[in-house]
Amino acid sequence: MEHCECKKKQREEKEYRDLVNRLSRIEGQIRGVKNMVEEDRYCVDILTQVSAIQSALNAFNKKLLSNHIKTCVVQDIREGDEQVVDELCETIQKLMK
């Protein structure tokens, strides 16, 4: 990682479970692709599964970003920290590479 900040986020139980469940499914998909490679499966089949993983990661990012905007960003702006908007813009630019 480029930098590590000491900020933390206390998530509600529902949000936490949703994010962890999504990551667990993605982890399973990645293990599945690894098995496909080990089993010498057809390239197109592997690529199709990798595409599904990318879609799942994109969905995870959208969910996390939405939660971030609705909670962290709104709270920081209410507290007068408008620098969070620059951080958000930088984050979105990184996600759109």
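Computed values, structure above
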| quantity | calculated |
| --- | --- |
| First in the range 44-55 and under 17 Å from LEU23 (Cβ atoms), second anywhere and open to solvent by 80 Å² or more (accessible area, probe 1.4 Å) and in a helix (DSSP H, G or I), Cβ under 8 Å, 6 or more apart | ILE53/ILE30 |
| Selection status of ASP86, modelled with pLDDT of 95 or more, open to solvent by less than 100 Å² (accessible area, probe 1.4 Å) and out of contact with any helix residue (DSSP H, G or I) (no Cβ under 7 Å at 6 or more places or on another chain) | yes |
| Set SER66, SER51: member being within 23 Å of THR91 (Cβ to Cβ), at pLDDT 95 or above, small (Gly, Ala, Ser) and open to solvent by less than 70 Å² (accessible area, probe 1.4 Å) | SER66 |
| Which numbered condition ILE46 misses (of (1) exposed (fewer than 12 other Cβ atoms within 10 Å of the Cβ); (2) more than 28 Å from GLU13 (Cα to Cα)) | (1) |
| Output for the range 56-97, where each listed residue is in contact (Cβ under 8 Å) with a residue 24 or more places away in the chain and of a type in the set (D, E, K, R) | LYS63 |
| Sole residue being under 24 Å from LYS97 (Cα atoms) and over 13 Å from the mean Cα position of the chain (by Cα), chosen from LEU23, LEU47, LEU57 | LEU47 |
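The values are calculated or read from the model by the stated rules, or taken from the named source; none is laboratory data. In this text, all values refer to a predicted model and were calculated from it rather than measured experimentally. When we count neighbours, we look across all protein chains shown, and the Cβ atoms used for this are built from the backbone with ideal geometry, even at glycine. The accessibility values were calculated without ligands, DNA or RNA, using every heavy atom of the protein model including side chains. Shrake-Rupley method; radii C 1.70, N 1.55, O 1.52, S 1.80 Å.
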